[in-house]
Amino acid sequence: MDVGIGLPNAIRGVDRTGIVDWAREAEAAGFSSLGTIDRIAYANYESLIALAAAAAVTERIRLATDILIAPLRSNTALLAKQAATIDNLSGGRLVLGMAPGGRADDYEVSGVPFGRRGRALDRQLEELERFWRGEGGVGPPPARDRPTVLIGGTSDASFRRAARHGDGWTFGGGPPEGLAAARSQLLEAWQAAGRSGAPRIMGLFYFSLGDRAEEAARAGLGGYYAFAGEYADRIVSAAAKDAETIKQYLAAFEQAGADEMICFPASPDVAQVGLLADALR
């Protein structure tokens, strides 16, 4: 199973070092992917721009949105162009994870109807394929036929989208048992759609390492998930805060059927990259 690391693009206080230096350190440490988390109504770095900055200072590591709230980018031609640009510039390293998202405030501030987000994503997935084939003159072309596409979400519609339009599916968080159950539903949808081969399955969990691990987890994750009320405390508690827990999480997710797990940080301190690499050793 591949192990990636998240960029701290969604952690308050992140600056250039948390994207540019972090990306360089992550590639040197041998991680498989750099991931981003998406929000609009929050003081975070925008996902695609953060990945473009990371692409400019790396050569090998994959660049993954996990996930991008695609319906908030209601100009699908522009989204296709942005994704193809990153994929082209990076030599085909973009993994475009997409989902409808679930926060009404992101939609309200974007002027996009929250109640139609699923239908909007279905339409976008159709349109993205056409634009990447060159229809409408929207370029540049991706490095290959198209970027790698993963679909997030645990509804029946999400699994159907993954089977129809995606190269796989991404698990948005939760215990390994949740990934295993969702994997079964995904494989059923994959087979029903007549897809050959196996879908790629990616997942995530949070980590916070070092002397101030608990404090950083509470500040970074507690702030980001404050809207969730008491559930935010569960997210903070579940973050891996030592090497043994990280290894246990990775082993359990691999057993559950993940092909790649991205470990997302609770702190923008670039030292977290080395601490995670040391934990994996």
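Read-outs throughout are calculated quantities, based only on the coordinates presented, and are distinct from any laboratory measurement. No experiment lies behind these values; they were computed from the predicted model shown. Note that each Cβ is placed from the backbone with ideal geometry, even for glycine, and that neighbours are counted across all protein chains shown.
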Rounded to whole Å, √(5λ) for the Cα gyration tensor eigenvalues of segment 1-123, largest first, gives 26, 16, 12
Radius, Kirkwood style, for segment 15-65 when every pair of distinct Cα atoms is counted (Å): 11.0
Report the label-to-label distance for residue 164 and residue 16 in nanometres (one decimal), using points 7 Å from each Cα along the Cα→Cβ vector. 4.5
Cα centroid distance between segment 265-281 and segment 83-116, in Å? 27
At 7 Å along Cα-to-Cβ for each site, give me the label-to-label distance between residue 75 and residue 135 in nm. 2.1
For the chain, what does the equivalent ellipsoid look like in terms of its semi-axes, each the square root of 5 times an eigenvalue of the Cα gyration tensor, given largest first in whole Å? 27, 21, 20
Take 231, 225, 206 and order them by how many other Cβ atoms sit within 10 Å, fewest up front. 231, 225, 206
Fewest-first ordering of 241, 81, 247 by Cβ atoms within 10 Å yields 247, 81, 241
Residue 177 label point, 7 Å along Cα→Cβ, cut-off 20 Å on backbone N: hits in segment 145-164? 154-155
Relative packing of peptides 101-109, 250-258 - highest average C-beta neighbours within 10 Å first: 250-258, 101-109
Between residue 156 and residue 29, what is the label-to-label distance in nm when each label sits 7 Å out along the Cα-to-Cβ direction? 4.2
Label point 7 Å out from residue 227 along Cα-to-Cβ: which residues of segment 103-144 have amide N under 16 Å? 103-118
Fewest-first ordering of 40, 246, 19 by Cβ atoms within 10 Å yields 40, 246, 19
With bins 5 Å wide starting at 0, give me the P(r) of segment 152-224 over every alpha carbon pair, in whole percents. 3, 16, 24, 16, 11, 9, 9, 7, 4, 1, 0
